[in-house]
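Here's the structure we're looking at; comments come further down.
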Amino acid sequence: RYDLPWDAGTLQEMYRRSGDYRPAMEKVVASLARDHGIRSVILSNMVPESAKVWEQYLRSNPFAPSPRLYSGWHGWLKPEPAAFHAVMEYSPFLAPYTYILVDAAKNNCDAARKEGWQTIHYKTHSGFLSDLGYYINSVED
C-alpha cells in the first residue's frame, strides 16, 4: 500500500513491483517521437493529487508526451466526448481520424471511435506493438 503524497521514486517503485505496462509504454512513446516524429498526448482519468505526482515523474523524460490532460484538472472523464474534444483543441488542424487512442478500457475505445478516432484496445504489450506497427506503417507508406 502506498500513501499520498507520492513522489516520483514511489511511482517508479510501484510500477516495478506491479509489473505495470507504463514504463514499457514510455519507451514506445519516446521511440515514436524520436524515430517517427509522431506526437503523443496523455489523456488520463486521474485525480489531481495523482496527476501532480505523474507530472513530477514525467518532467525527467525528454520525450514525455505533451500536452498532458488529466480529468481531475479539466472536469471531464473518458469516455465523455469532452475528453476527446479537449485533445483535439490542442491540434485543431488534425482530422479526428488521425488520432489513435490506446486504452485498456474497451468503453473508452468505443467512445473514441464514435468521435472518429482510431483505437487500439490495449490487452497485451506485444499485441499493442503489433497494432501500433500497423498504424505506423500505414502512415509512413
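In the context of the full protein assembly, H121 retains an accessible surface of approximately 60 Å², using a probe radius of 1.4 Å and ignoring ligands and nucleic acids.
Solvent-accessible area of V102, all protein chains in place: 50 Å² (probe radius 1.4 Å, heavy atoms, ligands and nucleic acids excluded). Derived from the Cα gyration tensor, the three semi-axes of the equivalent ellipsoid of region 21-141 are 21, 18, 14 Å, largest first.
Only four residue types carry charge here, +1 at the Cβ of Lys and Arg and -1 at the Cβ of Asp and Glu. Report the dipole size of region 50-141 about the Cα centre in Debye, rounded to the nearest 20.
On the way: 8 positive and 9 negative charges, 65 e Å.
Computed about the Cα centre, the dipole is about 320 debye.
For the pair E80 and S126 in one chain, pulling the backbone fully straight at 0.36 nm per residue adds 13.7 nm over the alpha carbon distance.
In this structure, the amide hydrogen of L43, modeled 1.01 Å from its nitrogen in the peptide plane, lies closer than 5 angstrom to those of L69, counting only residues at least 5 positions away or on a different chain. Under a 5 Å amide H cut-off, with hydrogens placed 1.01 Å from N, Y99 pairs with Q118 among residues at least 5 apart or on other chains. If each Cα of region 63-116 is one equal point scatterer, what is log10 of I(q)/I(0) from the Debye formula at q = 0.13, 0.28, 0.31 Å⁻¹? So the normalised log intensities work out to -0.30, -1.35, -1.44. Averaging the sequence gap over all C-alpha pairs within less than 8 Å and six or more residues apart, then dividing by the number of residues, gives region 22-73 a relative contact order of 46 percent. Annotation note: trypsin sites (Lys or Arg not before Pro) in region 54-141 located in DSSP loop regions with a Cβ neighbour count of at most 11 within 10 Å are R59, K123. Per-residue 3J(HN,Hα) values for region 83-92, derived from phi via the Karplus relation 6.51 cos²θ - 1.76 cosθ + 1.60 with θ = phi - 60°, read 5, 6, 5, 4, 5, 5, 5, 7, 9, x Hz in sequence order (x marks Gly and Pro).
The values are calculated or read from the model by the stated rules, or taken from the named source; none is laboratory data. Everything numeric in this text was worked out from a predicted model, so none of it was measured. Virtual Cβ from ideal backbone geometry, glycine too; neighbours counted across all protein chains shown. Side chains are part of the model used for accessible areas, which takes the heavy atoms of the whole protein and leaves out ligands, DNA and RNA. Shrake-Rupley method; radii C 1.70, N 1.55, O 1.52, S 1.80 Å.
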